[in-house]
1. Condition first: modelled with pLDDT of 95 or more, among the aromatic types (Phe, Trp, Tyr), farther than 22 Å from Leu54 by Cβ and open to solvent by 30 Å² or more (accessible area, probe 1.4 Å). Can you find one or more residues in region 207-220 that meet it?
2. Six or more apart or on different chains, Cβ atoms under 7 Å: show the pairs whose first residue is in region 219-244 and under 21 Å from Thr194 (Cβ atoms) and charged (D, E, K, R) and whose second is assigned to a helix (DSSP H, G or I) and at pLDDT below 95.
3. Would you mind stating whether Glu86 is touching a residue at least 12 places away in the same chain (Cβ under 8 Å), open to solvent by less than 50 Å² (accessible area, probe 1.4 Å), among the acidic types (Asp, Glu) and not in a helix (DSSP H, G or I)?
4. Hey, does region 186-197 have a residue that's touching a His at 6+ places or on another chain (Cβ under 8 Å) and either surrounded by fewer than 20 Cβ atoms within 10 Å (Cβ to Cβ) or in contact (Cβ under 8 Å) with a residue 24 or more places away in the chain (or both)?
5. Given the conditions (1) surrounded by 22 or more Cβ atoms within 10 Å (Cβ to Cβ); (2) not aliphatic (A, V, I, L, M); (3) not in a loop (DSSP other than H, G, I, E, B), report the number of the one that Ser61 does not fulfil.
6. Which residue pairs have Cβ atoms closer than 7 Å, lie 6 or more positions apart in sequence or on different chains, and pair a first residue in region 30-56 that is at pLDDT below 95 with a second residue that is open to solvent by less than 40 Å² (accessible area, probe 1.4 Å) and of a type in the set (Lys, Arg)?
7. Any residue at all in region 112-122 that is in contact with a Leu (Cβ under 7 Å, 6 or more places away or on another chain) and either part of a loop (DSSP other than H, G, I, E, B) or without any contact (Cβ under 8 Å) to a residue 12 or more places away in the chain (or both)?
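The values are calculated or read from the model by the stated rules, or taken from the named source; none is laboratory data. Not measured: the values here are computed from a predicted model. Neighbour counts run over all protein chains shown; Cβ positions are idealised from the backbone, glycine included. Calculation scope for accessible area: heavy atoms of the full protein, side chains included, ligands and nucleic acids excluded. Shrake-Rupley method; radii C 1.70, N 1.55, O 1.52, S 1.80 Å.
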Amino acid sequence: MGQHGEHWPLVKMRHLACFMILGAASAEAAPHCRQALALGLDVSGSVNASEYRLQLDGLASALESSEVSNILIGPPDWPVRITVYEWSGPRAFNRRVVVNWLEIRNPEDLAQLTNQLRSTKRRPADPSTALGAAIEFGVGLLSQQQDCPKRTLDISGDGKSNTGPRPKDIVLPDWVTINGLVVSGPEQGGTTSTAELTAYYMANVLHGPGAFLETAAGFADYERAMKRKLLRELQGMSISSLQK
């Protein structure tokens, strides 16, 4: 056998090793999820008991809708991860994780998520509205999901921040997108208009490329608004296609 023939098996082995190394590197670089979504729900003093249930049950129903669930339940090896938390005042115990990070791979996972939302009971909450602290907490949750190429914080609220760090003073990382859902109607004992609250969220809450704001006409409209918001967050669907 000639000189080239003598070395050919060794060359093939080297090529095979290179392919194996490249394949392993590609597998490690591939994202394990397509999006991490953290949803922060306002449970401060302006939210009464019936509004609390409209909020959690409305989120559950929006997630279960055929339009949202069809997008949410995608390739099982590339799932969406969701966590849900409540927020009110500025102290750490004023925030509670209702649903820990859960990968939505199939209808059973989605049912687990919505059942947890519907079975959650309200606990006493601080009457104040610490929107800045709520944002910091949500960004902290999303920082745990570094293998997701898209990380989105979804903040719902019916009033301006009146305690804790101001939302505008928080230094936010480039990788996070923060969207808002404003629940319109005057605060209890206040006179904040829908236009004023919308402008406040746009100036102080929204962050990142493509960040947007959705508005609910009171908590009775929360499910509809959340459905539109989820569709836009998960797929980038034009909201005009959902208008009746």
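1. Within region 207-220, none of the residues are modelled with pLDDT of 95 or more, among the aromatic types (Phe, Trp, Tyr), farther than 22 Å from Leu54 by Cβ and open to solvent by 30 Å² or more (accessible area, probe 1.4 Å).
2. Cβ pairs passing all conditions: Arg228/Ile239; Arg228/Leu242; Arg232/Ile239.
3. Values: touching a residue at least 12 places away in the same chain (Cβ under 8 Å): yes; open to solvent by less than 50 Å² (accessible area, probe 1.4 Å): yes; among the acidic types (Asp, Glu): yes; not in a helix (DSSP H, G or I): yes.
When the stated conditions are applied, Glu86 passes them.
4. Here is the first cut: in region 186-197, the residues touching a His at 6+ places or on another chain (Cβ under 8 Å) are none.
The answer is no; no qualifying residue exists.
5. Looking at each condition in turn, Ser61 falls short on (1).
6. Qualifying pairs under 7 Å: Cys33/Arg81.
7. yes
Yes or no, residue by residue, for (1) among the hydrophobic types (A, V, I, L, M, F, W, C); (2) in contact (Cβ under 8 Å) with a residue 12 or more places away in the chain; (3) surrounded by 23 or more Cβ atoms within 10 Å (Cβ to Cβ):
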| residue | (1), (2), (3) |
| --- | --- |
| Pro124 | no, no, no |
| Thr129 | no, yes, yes |
| Ala133 | yes, yes, yes |
| Glu136 | no, yes, no |
| Asp154 | no, yes, yes |
| Val176 | yes, yes, no |
